[in-house]
Number of protein chains: 2
Amino acid sequence: MMGKRIYLAGPEVFLSSAREIGARKRAICEQHGLIGVFPADEEAAGDPALSRPDQGLAISCAMERVMRTCDAMIVNLTPFRGPSADVGSAYEMGFMRALGRRVFAYSNDDRPFLDRVAAFSGGALRVRPTGEYEDPDGMAVEAFALHDNLMLAGGVIGSGGCLFAAAAPHAERFTSLVAFERCVAQAASDLGRSSRS
Amino acid sequence: MMGKRIYLAGPEVFLSSAREIGARKRAICEQHGLIGVFPADEEAAGDPALSRPDQGLAISCAMERVMRTCDAMIVNLTPFRGPSADVGSAYEMGFMRALGRRVFAYSNDDRPFLDRVAAFSGGALRVRPTGEYEDPDGMAVEAFALHDNLMLAGGVIGSGGCLFAAAAPHAERFTSLVAFERCVAQAASDLGRSSRS
């Protein structure tokens, strides 16, 4: 089992303390016999000769290359700038899913999706004649009792992974690693089992 | 070139008029010699014997199966419940990118990413000592002059696709097909060129 590489996706890369959180995540992975691969560690120093857009695209290329070297991912789906996950992490989930890799997920917000959208919309959900809820923009709110958009949940379940959601105090919602650690333990157990079978 | 199947991703599937918009999108594709594949058209009638979560997961399975049958995608990145794209669409972009398919994108909001995040944050962006902007949660705002998160932009450019952004009136931002049609024309031209080469 040693040597399984786990891509650690999530919006914490945007924190000023990103590298410290990456180090904590990697340490937890190591305790469970896994190699954590944290995106911010994989970014080469930007080439100042490149334009801003080209610097961003170079990071994207590097991350896609790194994902291909990983056996599985653990993605942080804690809501980011809205009721849903970070779009960059969602992109990476789809990428890993299409490569056939196992996708494990966690969220530090355990409120149902409907409640998160209602809170985001200031409580202004309406009910359609069909019984579906819609937000103030007239957009249906998925009512499948899944954690987020059904494609994200489907990527996790379809890949054989699982999702842990546990409420963290608001101030710690992007830094708490309680749900992450449960996810790592599950990943270590599942990936160990599949590598022995 | 006839027969190229284009997966039409975007949050308009959540509108009550989703099927009408799907029909309009498919008609525009057909005018350009492409076959538009609209997610809401591909959902089988839900099996009422399934639990709610299993109904959602069945749709996810169906969409992943459909994506594998498509040659390229056109994704609507118009901001959805926040300053960024819909997470389901972002997932699908990563999925198609990993399959090696061409990803074309459009947005009916042409404001720079920084401006969208500032508006979402009520103008409360701060500047870090490093010069980076961060939002009120302490999360950096990417400053690569890309339309959205760099993974999304990277998926488009890396695949050989392109992105068109054009402002639509606020009330039409989820229904306007002006930028979509430019995208279809470009896709038809590019995919035709590559099939002849």
Under the condition of being facing another protein chain (nearest Cβ under 8 Å) and surrounded by fewer than 22 Cβ atoms within 10 Å (Cβ to Cβ), which residue from the range B:64-100 is nearest to B:Leu177 (Cα to Cα)? B:Gly82
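So, of the residues in the range B:158-173 that are of a type outside the set (Ser, Thr, Tyr) and within 23 Å of B:Phe95 (Cα to Cα), which turns out to be surrounded by the most Cβ atoms within 10 Å (Cβ to Cβ)?
Within the range B:158-173, the subset of a type outside the set (Ser, Thr, Tyr) is B:158, B:160-173.
Now restrict to residues that are within 23 Å of B:Phe95 (Cα to Cα): B:158, B:160-165.
On the way: B:Gly158: 15, B:Gly160: 14, B:Gly161: 24, B:Cys162: 17, B:Leu163: 21, B:Phe164: 21, B:Ala165: 18.
Step by step, filter the range B:158-173, then rank; the result is B:Gly161.
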Scan (1) assigned to a helix (DSSP H, G or I); (2) within 11 Å of chain A (Cβ to nearest Cβ) for the single condition B:Asp41 breaks and write down its number. (2)
How many residues, within the range B:3-21, are more than 14 Å from every other protein chain (Cβ to nearest Cβ) and either at negative phi or basic (Lys, Arg) (or both)? 4
Might you let me know whether the range A:128-136 holds any residue that is at the interface with chain B (Cβ under 9 Å from one of its Cβ atoms), surrounded by 18 or more Cβ atoms within 10 Å (Cβ to Cβ), among the polar types (S, T, N, Q) and free of Cβ contacts under 8 Å to residues at least 40 places away in the same chain? no
Residues that are within 16 Å of the chain's Cα centre (by Cα), away from chain B (no Cβ under 11 Å) and in a loop (DSSP other than H, G, I, E, B), drawn from the range A:101-119: A:Asn108, A:Asp109, A:Asp110
Considering A:Glu12, A:Glu43, A:Glu20, A:Glu30, which residue is in contact (Cβ under 8 Å) with a residue 24 or more places away in the chain and of a type in the set (Asp, Glu)? A:Glu12
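Here is a list: A:Ala90, A:Ala166, A:Ala188. Which entry is farther than 27 Å from B:Leu150 by Cα and in contact with a Phe, Trp or Tyr (Cβ under 9 Å, 6 or more places away or on another chain)?
On the way: A:Ala90 fails: farther than 27 Å from B:Leu150 by Cα; A:Ala188 fails: in contact with a Phe, Trp or Tyr (Cβ under 9 Å, 6 or more places away or on another chain).
Exactly one of A:Ala90, A:Ala166, A:Ala188 is farther than 27 Å from B:Leu150 by Cα and in contact with a Phe, Trp or Tyr (Cβ under 9 Å, 6 or more places away or on another chain), namely A:Ala166.
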Applying the selection to the range B:144-153, what residues are assigned to a loop (DSSP other than H, G, I, E, B) and within 7 Å of another protein chain (Cβ to nearest Cβ)? B:Phe144, B:Ala145, B:Leu146, B:Asp148, B:Asn149
Matching option when the condition is at pLDDT 95 or above and not in a helix (DSSP H, G or I), among A:Val75, A:Val156, A:Val66: A:Val75
What are the residues in the range B:53-92 that are touching a strand residue (DSSP E or B) at 6+ places or on another chain (Cβ under 9 Å), within 17 Å of B:Asp109 (Cβ to Cβ) and of a type in the set (A, V, I, L, M), if any? B:Ile74, B:Val75, B:Leu77, B:Ala85, B:Ala90
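Report yes if some residue within the range A:48-59 is assigned to a strand (DSSP E or B), without any contact (Cβ under 8 Å) to a residue 40 or more places away in the chain, more than 25 Å from A:Ala167 (Cβ to Cβ) and out of contact with any Gly (no Cβ under 7 Å at 6 or more places or on another chain); otherwise report no. Explain how you work it out, then say what you get.
As a first pass, look at the range A:48-59 and keep what is assigned to a strand (DSSP E or B): none.
Checking the range A:48-59: not a single residue is assigned to a strand (DSSP E or B), without any contact (Cβ under 8 Å) to a residue 40 or more places away in the chain, more than 25 Å from A:Ala167 (Cβ to Cβ) and out of contact with any Gly (no Cβ under 7 Å at 6 or more places or on another chain).
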Residue set B:Gly161, B:Gly192; condition under 22 Å from the mean Cα position of the chain (by Cα) and at pLDDT below 95; output residue B:Gly192
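The values are calculated or read from the model by the stated rules, or taken from the named source; none is laboratory data. As the structure is a computational prediction, the values presented were derived from the model and not from experiment. Positions of Cβ are backbone-derived with ideal geometry, glycine not excepted, and every protein chain shown enters the neighbour counts.
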